[in-house]
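The values are calculated or read from the model by the stated rules, or taken from the named source; none is laboratory data. Just so it is clear, the structure is predicted and the values come from calculations on it, not from any experiment. Backbone-built Cβ (ideal geometry, glycine too); neighbour counts: all protein chains shown. Heads up: the accessible areas ignore ligands, DNA and RNA and are worked out on the full protein's heavy atoms, side chains in. Shrake-Rupley method; radii C 1.70, N 1.55, O 1.52, S 1.80 Å.
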Amino acid sequence: MTDLPVVRLQPQRHKRLRMGHPWAFSNEIQMDNAAKALARGSLVRLEASHGEALGVAMFNPHTLIAARIIDRDATVTIDAAWIARHIARARDLRELLYPGSNYRLIHAEADGMPGLIVDRYGDTLVVQRNAAGIEKLGDALFEALETTLSPVRIVVRDDSAARQLEGLAASESVRGAPLDAPLQIQESGAVFFADPREGQKTGWFFDQRDNRAFLANLCAGKRVLDVYCYVGGFGVLAAKRGATAVKLVDSSQTALDLAKRAADANGVTAQCAFEKADAFAFLEAQGRAGTVYDVVSADPPAFAKSRKDVPMALKGYRKLARAAAKLVAPGGILFVASCSHNIEPGPFAEEVARGVSEAGRNARILRVAGAAADHPLHPHLPESAYLKAMALALD
Ligand code: SAH
């Protein structure tokens, strides 16, 4: 039996949690003075109003998601050994799915570690702590990662927008050997470079792995356009799979430089051309010029950063699908994706369909997919499936 502080739910509010949901919201908590006084991220024993134990939870009295259950056994001690068991469990699953130490290792609630993201780039780990409870685990988390995986360094990217909701400040640091060059990633038989110090998210988007492989396998002998190419994930893999000409476009020179490096490392520089440009301006100029490609991939940053952006973002996805569809040769393939949490799959698919029709094209949907399997979902948090991707064949 542990001596954790007790936090109780309001009457009748335990049912959803007892069924398996991992969160209690602040209005469901008996927020008395003792609860309010608990430090952000404290571990607590969460109880129903009648005293039934629901588990050990991370508690933050100052945010909407006030309690996040971390273990349904209220008697466990959350220490480095407990964390190490969860890390080993997550690693074993990833090595089954995508052997080779390059993957999303911990995907928050789905892996039993609320608010924690860990990406594994071989012997470098990149950590994002998005909940006060995870930050409050302090060195126990790093020690558990070190004993389980023996990394040469852990890059801590505590700079996500989610931290603000938890009342956490932004910071960045490295434990272990300093990082002085971009990291290498192995994916689908190709090599890429990413820089967790300044790149987006943790430096590489592991979530698109299966979608990239699907698309690249259709690219042999084809002309390919990769807009929003970032460090070359789609375009360079397409070239590696035999595309005859690949155009890679991004507004970030830093990203393009890493994409060029990937092309070089994979021996496909001759097939690749890079351009720093705004995606919409580029697509529209190509449309006016009448240039076409056999495969077009458009994987933009999130258009809807918050709920209020949703209507504008939906229009943006329609416009993107329209502009990109116009550049697809008859019989070619269009791939579009959205990583906006706030955009539901249904409306996204609808806007893509409208954009394609507005471009005057008939389409067959070949693939509707989300993130790769190293981004598992908690069964009670289906809304955390943020990535939506579609591949369509256009007549
Ligand atoms: N497809 C990539 C991920 C794309 S991330 C992969 O598979 O890894 C989104 C990219 O869009 C970033 O590289 C960012 O620099 C770029 N970007 C953002 N706004 C842009 C714009 N207006 N025009 C072109 N690129 C843009």
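For T202, no residue has an amide H sitting under 5 Å from its own, ignoring neighbours fewer than 5 places away on the same chain, with H placed 1.01 Å from N.
Which value, in Å to one decimal place, does the Kirkwood hydrodynamic radius take for the stretch 310-387 when every pair of different Cα atoms is included?
It works out to 13.5 Å.
At a probe radius of 1.4 angstrom, the accessible area of the chain per residue rounds to 42 square angstrom. For the chain, the longest principal axis of the alpha carbon atoms and the long axis of helix 310-325 meet at an angle near 30°. Between D278 and N33, the modelled label-to-label distance comes to 5.7 nm, taking each label 7 Å out from Cα in the direction of the beta carbon.
As a length-normalised measure over Cα pairs under 8 Å and 6 or more apart, the relative contact order of the chain settles at 11 percent.
Place a label point 7 angstrom from the Cα of T75 along the Cα-to-Cβ direction, then list the residues of the stretch 1-37 whose backbone nitrogen is under 16 Å away. The answer is 1-4.
Here the accessible area of the stretch 305-395 is 56 percent carbon and sulfur, with a 1.4 angstrom probe and all protein chains present.
The M19 and V368 beta-carbon pair, evaluated with R₀ = 30 Å, returns a calculated FRET efficiency of approximately 0.60. At full extension, K315 and T147 could sit 55.7 nm farther apart than now, given 0.36 nm per residue minus the alpha carbon distance. Only aspartates and glutamates eight or more places from K240 in sequence, or on another chain, were considered; those with a Cα closer than 12 Å are E187, D264. Of all the options V224, V368, V336, the one that moves most in a Gaussian network model of the chain with Cα springs shorter than 10 angstrom is V368. Evaluating 6.51 cos²θ - 1.76 cosθ + 1.60 at θ = phi - 60° for every residue in the stretch 14-27, the Karplus couplings come out as 8, 5, 4, 5, 5, 6, x, 5, x, 10, 10, 8, 4, 6 Hz, glycine and proline recorded as x. Taking 7 Å steps out from each Cα toward its Cβ at A245 and E198 produces label points 3.2 nm apart.
Sorted by packing (mean other beta-carbon atoms within 10 Å per residue), highest first, where do 120-128, 96-104 land?
Answer by packing, highest mean first, reads 120-128, 96-104.
Working ranking of peptides 45-57, 291-303 by packing, defined as the average number of other Cβ atoms within 10 Å per residue, highest first, is 291-303, 45-57. A straight line joining the Cα centroids of the stretch 286-358 and the stretch 3-64 runs 42 Å. Rg/Rh for the stretch 1-144 stands at 1.00; both radii use Cα atoms, and Rh follows the Kirkwood definition.
Rounded to the nearest 500, the 222 nm mean residue ellipticity of the chain from helices alone is -8500 deg cm²/dmol, with -39,500 (n - 2.57) taken per DSSP H run of at least 4 residues. Step through the table entries K305/K388; K247/K319; K247/K276; K315/K388; K260/K326, compare each Cα-Cα distance with 18 Å, and write down the pairs that go over it. Exceeds cut-off: K247/K319; K260/K326. Helix 80-97 and the long axis of the chain differ in direction by around 30°, with both axes built from C-alpha atoms.
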